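Structure first, then comments.
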Amino acid sequence: AQSVTQLDSQVPVFEEAPVELRCNYSSSVSVYLFWYVQYPNQGLQLLLKYLSGSTLVESINGFEAEFNKSQTSFHLRKPSVHISDTAEYFCAVKGAAGNKLTFGGGTRVLVKP
Amino acid sequence: GAVVSQHPSRVICKSGTSVKIECRSLDFQATTMFWYRQFPKQSLMLMATSNEGSKATYEQGVEKDKFLINHASLTLSTLTVTSAHPEDSSFYICSASKGGLYEQYFGPGTRLTVT
């Protein structure tokens, strides 16, 4: 079984400032890791994922996350946020041999002008 | 590619009635579909996993007789909330996968309000 902990439930940040959303997981097997974004009253959109290879993965809109196996972390970062980045962000993990996603509790990012 | 739709997007029903939510994969064949429930300001909780042509596998604590799931084709799964009560009010989200290790693609969600 896997579990995911997102340490911050809410992160207020000023526009153009950097942001980091923390995600830690626990698992007894190899995992794949994901970050999803959810805008109000919408479903989830995949932001980025780590399956294998380079531990640093990037999205097309400036987010990046680094898989750290020793610290069992997959923190999400963006060097400069926009108002439009205001959303809920979910970290998720899936066992390499399974098909179920386990989600963290979510982090609400509020970007202020 | 990989678009998943849900219908309806919002539904209001009276207590005691049943409501059906559809989840469709529009441009791929979904061997596996998942149904999640999300309470306000909370994370997604997996309710059940359904494979095309098979009975759904429900997560612990989810009443299979209350939340009926049908996955009759590779592009359609339905969730029927039977004898709905106000506590069933929630945001229901489906996802679809090509199966195995392929990623899940999420629908836009259905907000159910039971009055």
### Query
Do you know which residues across the stretch A:46-63 are of a type outside the set (Gly, Ala, Ser) and surrounded by fewer than 16 Cβ atoms within 10 Å (Cβ to Cβ)?
A:51, A:55, A:56, A:58, A:60, A:61
### Message
Can you confirm whether residue B:112 is more than 14 Å from chain A (Cβ to nearest Cβ) and surrounded by 15 or more Cβ atoms within 10 Å (Cβ to Cβ)?
### Response
no
### Task
Would you be able to tell me the number of residues in the stretch B:59-70 that are closer than 12 Å to residue B:33 by Cα and either buried (at least 17 other Cβ atoms within 10 Å of the Cβ) or within 14 Å of chain A (Cβ to nearest Cβ) (or both)?
1
### Task
State the number of residues belonging to the stretch A:21-38 that are loosely packed, with under 14 Cβ neighbours inside 10 Å and either in contact (Cβ under 8 Å) with a residue 60 or more places away in the chain or part of a strand (DSSP E or B) (or both).
3
### Query
Across the stretch A:7-34, what is the number of residues that are under 15 Å from residue A:104 (Cβ atoms), among the aromatic types (Phe, Trp, Tyr) and away from every other protein chain (no Cβ under 12 Å)?
1
### Query
Right, residue A:88: within 14 Å of chain B (Cβ to nearest Cβ), out of contact with any helix residue (DSSP H, G or I) (no Cβ under 9 Å at 6 or more places or on another chain) and among the charged types (D, E, K, R) or not?
yes
### Message
Test of understanding: among B:54, B:90, B:73, B:25, which residue is away from chain A (no Cβ under 14 Å), of a type in the set (Ser, Thr, Tyr) and over 17 Å from residue A:92 (Cα atoms)?
### Response
B:73
### Query
Taking the stretch A:1-20 as the search range and keeping residues that are outside any strand (DSSP E or B) and under 15 Å from residue A:78 (Cβ atoms), which one is modelled with the lowest pLDDT?
A:8
#### Entry: Residue satisfying condition, being buried (at least 21 other Cβ atoms within 10 Å of the Cβ), farther than 25 Å from residue A:92 by Cα and away from chain A (no Cβ under 13 Å), within set B:11, B:19, B:81
B:81
### Message
I need every pair where a residue in the stretch B:65-86 that is closer than 11 Å to residue B:20 by Cα has its Cβ under 6 Å from the Cβ of a residue that is of a type in the set (D, E, K, R), sequence separation at least 6 or different chains.
### Response
B:78/B:20; B:78/B:22; B:80/B:20; B:81/B:88; B:82/B:66
### Query
Which one of these is surrounded by fewer than 17 Cβ atoms within 10 Å (Cβ to Cβ) and not aliphatic (A, V, I, L, M): A:73, A:80?
A:80
### Query
Which ones in the stretch A:84-110 are of a type outside the set (A, V, I, L, M, F, W, C) and within 12 Å of the chain's Cα centre (by Cα)?
A:88, A:89, A:104, A:105, A:106, A:107, A:108
### Message
Being surrounded by 14 or more Cβ atoms within 10 Å (Cβ to Cβ) and assigned to a loop (DSSP other than H, G, I, E, B) is the requirement here; does residue A:41 meet it?
### Response
no
### Message
Filter the stretch A:62-77 down to the residues that are closer than 13 Å to residue A:35 by Cα and out of contact with any His (no Cβ under 9 Å at 6 or more places or on another chain) and list them by number.
### Response
A:63, A:64, A:67, A:73, A:74, A:75, A:76, A:77
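The values are calculated or read from the model by the stated rules, or taken from the named source; none is laboratory data. These figures come from a predicted structure and were not determined experimentally. All Cβ positions, glycine included, derive from the backbone under ideal geometry; neighbour counts span all protein chains shown.
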